[in-house]
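Worksheet: the structure to be examined is printed underneath.
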Amino acid sequence: MNLVILSFILFFSLSFFFIGKARVLRLANYNIKNLNSLPEYYGYYLAAWCALPALIILFFWSIFELSIIKIFVLSDFKLDPTIDDNKLNLIFSQIVSIAEKKFSGTIPQNLIPYVEKFIALNKIIELSKFAVLFSAIILSLIFAYRQILKNIKARESVEKIIRGLMFLCATLAIFTTFGIVLSLLFESIKFFTSVSIFDFLTGTNWAPGRAFVRDASVQTANVENVFGAIPLFWGTTFIAAIAMCVAVPVGLFSGIFLAEYSSRKFRKITKPLIEILAGIPTVVYGFFAALTVGPLFRLVGEKFGLEVSSESALAAGVVMGIMIIPYVSSLTDDVINAVPNSLREGSFAIGATKSETIKKVVLPAALPGIVGSILLAISRAIGETMIVVMAAGLAANLTLNPLEASTTITTQIVTILIGDQSFNNPKTQAAFALGITLFFFTLFINVIALSIVKKFREKYE
Amino acid sequence: MSKVEKIKLLKKRYKAERRFKFYGILSVCLAILFLFILIINIFSKGSGAFFKTEILLNIKFDEKKLGLNINSSDKEIQEANFEEILKDALLVLAPKVPELKQAELIDMVSIDAALEVKKFYFYNKGVLNKIAEVPLTLSDDLDQVYKGNFPRDIPEERRRFSDFQLKIFDDQISKNKIVYKFNWSFLTNADSREPELAGVASSLAGSFFTILVCLILSFPIGILAAIYLEEFAPKNKITEIIEVNVNNLAAVPSIVFGLLGLGVFLNYFYLPRSTPLVGGMVLALMTLPRIIIPCRAALKAVPPSIREGALALGASKVQTVMHNVVPLAMPGTLSGTIIGLSQALGETAPLLLIGMIAFINVVPATPIDPSAVLPVQVYLWSESAERGFVEKTSATIIILIFFLIIMNSFAIYLRNKFERKWS
Amino acid sequence: MRFILEINLRGSGRDMNEKIKISTRNLSVFYGPKQALFDINLDLVENKVTALIGPSGCGKSTFIRCLNRMNDVIDLCKVEGSIKVDGKEINTKNTDVNLIRERIGMVFQKPNPFPKSIYDNVAYGPRIHGLAENQEILNTIVENSLKKAALWNEVKDRLNQPGTGLSGGQQQRLCIARAISINPEVILMDEPCSALDPIATAKIEELIDELKKSYTIVIVTHSMSQAARVSQNTGFFHLGKLIEFNLTEKIFKNPDNKMTQDYITGRFG
């Protein structure tokens, strides 16, 4: 429906572009010099006035449409004190899916009158949307048309609109961050009303599956004990640490070699090759870890009499480390290249070998940049999802043994939210609480890393 | 220090030098080795999926058994039952087989074999009452045996195929009735529970729609935002906040965007779940900073003399930027956008959260039909137990990587060919 | 203040038929906290070439950039004082800078043709200002502008080739053609020959002589001989101040100011 309206608006504004252009030309007796701006700008002016108010109305209408319908449809339920907000939402989403004929399973009979009410309301609102939009277009067009006949400075007006539009697009970045924080916060706060934040951050038992069983046989007290996120934090840190053990030495030495030793030709070929590692989708690494590296480690482990589970922190960590190599190597390479040559020459001039120069002069100078790049790589590792989902397992173990399965924040978010989740239970909300933890944690690391790198750049550029 | 000691020390220093250099080479080689292992592993596992084994079966298209005649309408053919003539033809392979083994015989061909017979008849109506040689897809297990992915010599009870099936299969091979050919159906079929029938068409279409939505949203918004920040933004607090936000969003874990999509798009706006529309929107938010950053770099690279030249002619700021600066920044912007989109194409985690993980056995026709995307298909199939899906998963990865290579080479080409070096 | 008085006194002794095209009064420019120009009072005569000379960093470029409000482009730059074009104040917030720049064209130090075809380079201005109602008129404008810039014969067969492919001198003449394509009243030239070889420089100088018949020209130059060759009036800037302004002949033969004398005879600069 909205798509139809959108194409109508588009069609209208396009035609009014030509109408406006033709009209001012006639107004100016076909002599452009009589006009304040080029005739196109009058066309754009009319088209913008035709489309923008309508689009703004349509946008806000679409946002509030459902909430308004919801208030009316659910007014009866509101009177019932036994139904809380969560249940209301559930009922409403059922009504919507029945009305859209997407409901699977038997339709609850008691909802049918409300479904009818929903459909009727929807129709009214849809019609009034049409009417409002249409009159908005007509009104703004009349206004704009009159303005055109006054031979206004159309270019300036159009440019103001363009600038406004650009500003709006730029602020989307702010809105996205707001959206992330608000949506995460909203659900997390609900979560923390049923589970204390202290238990969440310090508890060592993670078994959200049991929170689902909330009938009479299990005490509700259970809900609070099963959301201890320490094993997840540990698993995340542990796997990220394993990954860094692979990525840092390999990445660092590769970066140093590419920047200091390799010939230009060798570098031109190998650098993009290494960077391919970062371009491969993470799900591919996950598949590789789960089907090749995991079984391989188990096979090797068996030979040495070790018990390796098929989903191990080691397999996930090593593969993640491989993925992260280019993040470390490329940034190291850039950072080392930014170190001024005069430093190297000073060291060579007193007879130091290349490696001594690198170790004693270049690396210390490049250290802040390297630290920044490693921090960025760590934040990548912490936020990485698919590899751990596919290869690290689900068991929330608080273990130091890399050969056992381990689970991470991201894995748990995915497992909780995959499939049919009914919203509004602590288990689902827990995913958002984990999400906000992840968000702020990575944000923290990123801010530090970016400021270190920026300071380093400013020093040498 | 004596001369001898000095030489000794020098030797030691040179040794350290060589060692250090060796570590460097070793690391580079290791990184490249990992890449090759990964690629070879995937290709060796997946190339088989592009081929399939078929059995040439002599089927008698019996008028009575089909209930059709020469003038039957297409609808009647659609409704006719081809199972029986298929079963008859299969029984010919092993005459006098006990009742019990008949099921095994039928299991040798794919579950959709009767459909294939029907399709064959549809295009060759002249075969009514005649015997024709029809190519039928073999079951996945025998397909894997043919490709050598299943060892034959393990005990029967640990195999997914019986000795009886194997015997008939070998018999048919010796009669040249087994053909091995390019597996078009992998590219044209939608997802299926049966490995031999599963194809990537549905997830290909899903990926296409998702990336399309992502492109339509992120490209114009990203460019406009970049132009604003680089050319128009006054130096004030708001601009600074926007810039910090853009840089940080580029480093936010992708799964967080999935949570945003779930919390806002699905649960607040009630947008349709599991659809490329929502997937594209989520990916667009994720791609946005990845477009803004290279676009700003490209705008920055346009020398100020171009702007001054246009301004001095009396062009307004907007005209100057739109006519003269943006076209010059286009190559850099486009290559940045393509790289951003290629990252979006390989993205999995946020899409899992907005429900693009459902089993979809039809090819989606619009962006508001539920669908999967290529990387999610990889994830879904990798969780399946059947041996045949491992091959399919790797093949899907090959297709995914194929698209990524095309996109990235195009981006590199654009950059090398059109990007101007300003002196 | 003493200089200003002298200049004004001497100015009044000039030919009374001369029409003042642009006049500045108490024009000061600040880059952030740093003052770059101090109270410049200067009158530019219509259809004459005015040369501005002085050591580098003395503010002469800053000065001519004020005349078409190009300093607006620089964030920190603040322009105070009065600039009148044909008696009308242009240094106000309400002035349409685009209209000013349409009337007062500019040629830059380094040739900066757009990376477009030669034709589009010249046609750009007329297009955005709506000077041509149809293609034919546009073609004529382009041809005339290129002819006036003495470039037509060299490029008439390759109008569709990129302007950036021309030689340095040709590029600069293309920029001049671009500037005159919108028929400005004044052309500001900011060291137009500094990036060119002597032959190209001679060509541009010839061109300036030709152009002054229809335009008022202000040229900033490093080369005193160039100023002497092409200009009728000359102003000498030093450390952001206008030291002396007079007829070119007078400045070069018998300057009033000791500093001008020193500069011209090469004692500093």
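A few notes on this one:
- Identity of the residue in the range C:236-269, of a type in the set (A, V, I, L, M) and part of a helix (DSSP H, G or I), that ends up nearest to C:S225 (Cα to Cα): C:I264
- Among residues of the range A:43-61, those that are without any contact (Cβ under 8 Å) to a residue 60 or more places away in the chain and either surrounded by fewer than 20 Cβ atoms within 10 Å (Cβ to Cβ) or touching a strand residue (DSSP E or B) at 6+ places or on another chain (Cβ under 7 Å) (or both), counted: 4
- Helices (runs of 4 or more DSSP H) lying entirely in the range B:333-420 (those with 3 or more residues that are more than 8 Å from every other protein chain (Cβ to nearest Cβ), modelled with pLDDT under 90 and surrounded by fewer than 22 Cβ atoms within 10 Å (Cβ to Cβ)): B:387-418
- Under the condition of being part of a helix (DSSP H, G or I) and buried (at least 16 other Cβ atoms within 10 Å of the Cβ), the residues counted in the range C:130-142 number 3.
- Among (1) touching a residue at least 60 places away in the same chain (Cβ under 8 Å); (2) surrounded by fewer than 22 Cβ atoms within 10 Å (Cβ to Cβ); (3) more than 12 Å from chain B (Cβ to nearest Cβ); (4) closer than 22 Å to A:K271 by Cβ, the one test that A:G369 misses: (2)
- Within the range A:331-355, restricting attention to residues that are crowded, with 20+ Cβ neighbours inside 10 Å and more than 25 Å from B:Y14 (Cα to Cα), the residue that is farthest from the other protein chains (Cβ to nearest Cβ) is A:V335.
- Filter result for B:L266 (touching a Lys or Arg at 6+ places or on another chain (Cβ under 8 Å), farther than 28 Å from B:K300 by Cβ and crowded, with 17+ Cβ neighbours inside 10 Å): yes
- Filtered residue count, the range B:1-43, keeping only those that are assigned to a helix (DSSP H, G or I), more than 20 Å from A:T270 (Cβ to Cβ) and more than 9 Å from chain A (Cβ to nearest Cβ): 12
Every residue, every condition in (1) among the hydroxyl-bearing types (S, T, Y); (2) at the interface with another protein chain (Cβ under 10 Å from one of its Cβ atoms); (3) more than 29 Å from B:F20 (Cβ to Cβ); (4) not in a helix (DSSP H, G or I), yes or no:
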residue: A:L258; (1), (2), (3), (4): no, yes, no, no
residue: A:F266; (1), (2), (3), (4): no, yes, no, no
residue: A:P295; (1), (2), (3), (4): no, no, yes, no
residue: A:S310; (1), (2), (3), (4): yes, no, yes, yes
residue: A:A315; (1), (2), (3), (4): no, no, yes, no
residue: A:G321; (1), (2), (3), (4): no, yes, no, no
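- If the condition is being touching a residue at least 24 places away in the same chain (Cβ under 8 Å), in a helix (DSSP H, G or I) and among the β-branched types (V, I, T), then the range A:140-186 contributes A:I148, A:V158, A:I161, A:I180, A:V181.
- Filtered residues of the range C:214-248 (kept if over 20 Å from C:I20 (Cα atoms), of a type in the set (S, T, Y) and in contact (Cβ under 8 Å) with a residue 60 or more places away in the chain): C:T221
- Being modelled with pLDDT of 90 or more and surrounded by fewer than 17 Cβ atoms within 10 Å (Cβ to Cβ) is true of C:N26.
- In the range C:83-129, the residue that is nearest to the other protein chains (Cβ to nearest Cβ) out of those that are in a strand (DSSP E or B) and more than 23 Å from C:I219 (Cβ to Cβ) is C:S117.
- Taken over the range C:172-185, residues that are within 11 Å of chain B (Cβ to nearest Cβ) and farther than 13 Å from C:L211 by Cα amount to 4.
- If only residues of the range A:187-208 that are in a helix (DSSP H, G or I) and among the small types (G, A, S) are counted, the one that is nearest to the other protein chains (Cβ to nearest Cβ) is A:S188.
- The residues on offer are B:I221, B:I216, B:I241, and the sole one that is more than 18 Å from B:V376 (Cβ to Cβ), out of contact with any Gly (no Cβ under 8 Å at 6 or more places or on another chain) and surrounded by fewer than 22 Cβ atoms within 10 Å (Cβ to Cβ) is B:I241.
- Scanning the range A:162-197 for residues that are among the hydrophobic types (A, V, I, L, M, F, W, C) and either touching a strand residue (DSSP E or B) at 6+ places or on another chain (Cβ under 9 Å) or closer than 16 Å to A:I436 by Cβ (or both) gives A:F178, A:I180, A:V181, A:L182, A:L184, A:L185, A:F186, A:I189, A:F191, A:F192, A:V195, A:I197.
- Test for A:I180: is it under 30 Å from B:F219 (Cβ atoms), under 26 Å from the mean Cα position of the chain (by Cα) and crowded, with 18+ Cβ neighbours inside 10 Å: yes
- For the range C:64-82, taking the residues that are part of a helix (DSSP H, G or I), within 10 Å of chain B (Cβ to nearest Cβ) and of a type outside the set (A, V, I, L, M), the one that is farthest from C:V45 (Cα to Cα) is identified as C:D72.
- Just one of the listed residues (C:A132, C:A150, C:A202, C:A195) is in contact (Cβ under 8 Å) with a residue 12 or more places away in the chain and at negative phi, namely C:A195.
The values are calculated or read from the model by the stated rules, or taken from the named source; none is laboratory data. Please read all numbers here as calculations on a predicted model, not as lab measurements. Cβ: placed from backbone, ideal geometry, glycine included. Neighbour counts: every protein chain shown.
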